[in-house]
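K.L.:
Before I ask anything, here is the structure I am working with.
A short reminder: the numbers here are calculations on the coordinates, not readings from a lab. Model, not experiment: these values are computed from the prediction. Cβ atoms come from the backbone with ideal geometry, glycine included; neighbour counts cover every protein chain shown.
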Amino acid sequence: MFADPQTAEDAYYDAFDEHDLAKMMSVWSDSDEIVCLLPMLPAIKGRAAIERAFDPVLNPESAFDIQIKHLHWINNNDIAIHLVEEKISMADGPDQFVYATNIYQKNANNSWHMTMHQNSPVPPPPPPEQS
């Protein structure tokens, strides 16, 4: 049970730190209507497809770290939309920054679960002003 959207989100990102696929899947809603959109990939729909997609990512051999910064939240009675910036640090390359939109919904048992996750690259900084 996730008492609120933030608890579900914490478990989602903790699953990356712990390389724990079961923990990550516990955050996702128990529905085949869930969807995950990652950059340059087709939409991943349904629990089984999302689990297959994240299995190699959460392999303990994967050497990465994700830190998040909260940018904006919209919460109401039974749906929450969280915009975060993810900083993904890899052992063999520069840090990558992406925006993530995480959508959570409260189920009939009053537990919050993810129904959608979407990543998009952070736009490059604007060019310097010319004088």
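K.L.:
Please give the net charge around E9, taking every other residue with its beta carbon less than 14 angstrom from that of E9, where Lys and Arg add +1 and Asp and Glu add -1. Walk me through the numbers on the way to the answer.
P.N.:
Numbers: positive: K23, K69, K106; negative: D4, D10, D14, D17, E85, E86.
Net charge in that neighbourhood comes out at -3.
K.L.:
Any lysines with Cα under 23 Å of the K45 Cα? List them, leaving off those in the same chain fewer than 8 positions away.
P.N.:
K23, K106
K.L.:
How much net charge surrounds A53 when only other residues with a Cβ under 14 Å from its Cβ are counted (Lys, Arg +1; Asp, Glu -1)? Before the final figure, lay out each step's value.
P.N.:
Details: positive: K45, R47, R52; negative: E51, D55.
Within the 14 Å Cβ shell, the charges total +1.
K.L.:
Would you mind ranking Y99, Y104, Y13 so that the residue whose beta carbon has the fewest other beta carbons within 10 Å leads the list?
P.N.:
Working: Y99 15, Y104 27, Y13 18.
Lowest to highest Cβ neighbour count: Y99, Y13, Y104.
K.L.:
Something else about it: Just want to confirm a number: the relative contact order over the chain, from Cα pairs under 8 angstrom separated by 6+ residues, in percent.
P.N.:
Rounded, it is 25 percent for the chain.
K.L.:
Something else about it: Hey, got the dipole for region 28-131? About the Cα centre, +1 on K and R Cβ, -1 on D and E Cβ, debye to the nearest 20?
P.N.:
240 debye
K.L.:
Among G46, C36, H70, pick out the residue whose Cα is farthest towards the positive end of the charge dipole of region 34-131, where Lys and Arg carry +1 and Asp and Glu carry -1 on C-beta, about the Cα centre.
P.N.:
G46
K.L.:
Here is a further query. Work out from phi, with θ = phi - 60° and the Karplus expression 6.51 cos²θ - 1.76 cosθ + 1.60, the ³J(HN,Hα) of each residue of region 43-53, listed in order in whole Hz, and give x for Gly and Pro.
P.N.:
Values, residue by residue: 4, 9, 10, x, 4, 4, 5, 5, 4, 4, 5 Hz.
K.L.:
A follow-up question, please. Work out the charge dipole of the chain with +1 on the Cβ of Lys and Arg and -1 on the Cβ of Asp and Glu about the Cα centre, then indicate which of F97, L58, N110 is farthest towards its positive end.
P.N.:
Positive-end residue among those listed: N110.
K.L.:
Just from its helices, what would the mean residue ellipticity at 222 nm be for the chain, if runs of 4 or more DSSP H residues each count -39500 (n - 2.57) and the sum is divided by every residue, rounded to the nearest 500 deg cm²/dmol? Intermediate values should be presented prior to the final figure.
P.N.:
Working: 3 runs with 29 residues, N = 131.
Taken over the chain, the calculation gives -6500 deg cm²/dmol.
K.L.:
Sorting E129, E51, E9 on the 10 Å Cβ count, fewest up front, what's the list?
P.N.:
Values: E129 5, E51 16, E9 23.
So the ranking, lowest neighbour count to highest, is E129, E51, E9.
K.L.:
Further, regarding this structure: For the chain, modelled as a Gaussian network with Cα springs under 10 Å, which listed residue fluctuates most, I34, I88, I103?
P.N.:
Fluctuation is largest for I88.
K.L.:
Could you compute the net charge surrounding L71? Neighbours are other residues with a C-beta less than 15 Å from the C-beta of L71; K and R count +1, D and E count -1. Show your work: numbers first, answer last.
P.N.:
Details: positive: K69, K87; negative: E9, E85, E86.
Around L71, the charge tally is -1.
K.L.:
How tilted is helix 5-18 with respect to the longest principal axis of the chain? Cα atoms for both, answer in degrees (0 to 90, nearest 10).
P.N.:
Helix 5-18 sits at roughly 70 degrees to that axis.
K.L.:
Right, here's the next one. Can you list the HN-Hα couplings for region 107-123, worked out from phi with the Karplus curve (6.51, -1.76, 1.60; θ = phi - 60°), rounded to whole Hz and with x for Gly and Pro?
P.N.:
Calculated HN-Hα couplings, in order: 8, 5, 8, 6, 9, 8, 9, 6, 10, 7, 9, 9, 10, 8, x, 6, x Hz.
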